[in-house]
Amino acid sequence: MLAGTPLGLTGCAGPFSTLHPAGPSAATAAMLWWGMFVLFSLVFVAVCGLWLYAMFRSPSIRDEAQEKHIHRRWIIGGGLVLPLACIVVLLAFGIPAGHSMLPLPPDEGEALEVHVTARQWHWDVHYPDGDISLSNEVHIPAGRPVDVHVTSVDVIHSFWVPRLGGKLDAIPGRTNVLRLQADAPGSYRGQCAEFCGTGHAHMHFTVIAHDPEDFDAWRTEAAGND
């Protein structure tokens, strides 16, 4: 097990790792993942401990009333109390975390609006503020919330930038909104996360986060070229 730990840890980083967040939404999702990992690791250890106890404990003689009392205690404790406690803990962390990832009005400034349309097998990107159109490339300012309006023209796709946020389905005839934000300038890989046909594996895109000043310069240049 220890020998395989370094190999397992290699999956915690990289362009498609949700455990290597580069934005607030992705950091919240990673925090939830680690919280669930710790919680259920404790449950796993407890279950293994009880199994070992049951296997190696010394037998004892009890009357029928004692047996019923012990059985009732395990059913209530293990079948009701433990699952309810786990659910309450998950909801206590999950509901506020999910609320923080919603595309709500930011505390300061305004969110940038970007429209993304999925089709087999590429992404059309449009900026209504500036009338800029791109393909398979999304430019955003670092440190500023971005609301990505996602839809599809053919089948169901899923817009996903693992290091910046969760994934969101692109559904024909419907527009869903995903809040993204990059903490720092850089290039972030994105991928369709819903099987959509023979070209699904190649339906990827790139999110490029600029310094705010560089983003304004890029937008001015891109609007002029269009």
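No lab work stands behind these numbers, since they all come straight from the coordinates. Since the structure is predicted, the reported quantities are computational estimates derived from the model, not experimental observations. Cβ atoms come from the backbone with ideal geometry, glycine included; neighbour counts cover every protein chain shown.
Data table
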read-out: Net charge over other residues, Cβ less than 12 angstrom from the Cβ of Ala27 (K, R count +1; D, E count -1); value: 0
read-out: For the chain, size of Cβ-based charge dipole, Lys and Arg +1, Asp and Glu -1, in debye; value: 1620
read-out: Dipole of the stretch 75-226 [Lys/Arg +1, Asp/Glu -1 at C-beta], most positive-end residue of Gly143, Gly79, Thr220; value: Gly79
read-out: Relative contact order [Cα under 8 Å, 6+ residues apart], the stretch 37-168, whole percent; value: 16
read-out: Most mobile of Asp211, Asp63, Asp107 in a GNM of the chain (Cα contacts under 10 Å); value: Asp63
read-out: Positive-end residue of Ser25, Ile61, Gly94, charge dipole of the chain with Cβ unit charges; value: Ile61
read-out: Alpha carbon Rg of the chain, scaled by the compact-globule rule 2.2 N^0.38 Å; value: 1.40
read-out: Between 0 and 90°, nearest 10: helix 64-76 axis offset from the chain longest Cα axis; value: 10
read-out: Candidates Pro106, Pro162, Pro212, ranked by Gaussian network fluctuation over the chain, Cα under 10 Å, top entry; value: Pro106
read-out: Calculated log₁₀ intensity ratio I(q)/I(0) where the Debye formula runs over C-alpha points of the stretch 16-142, q = 0.13, 0.15, 0.18, 0.21 Å⁻¹; value: -0.80, -0.94, -1.14, -1.29
read-out: Choice from Arg62, Arg119, Arg163 showing the highest fluctuation, given a GNM over the chain with Cα pairs closer than 10 Å; value: Arg62
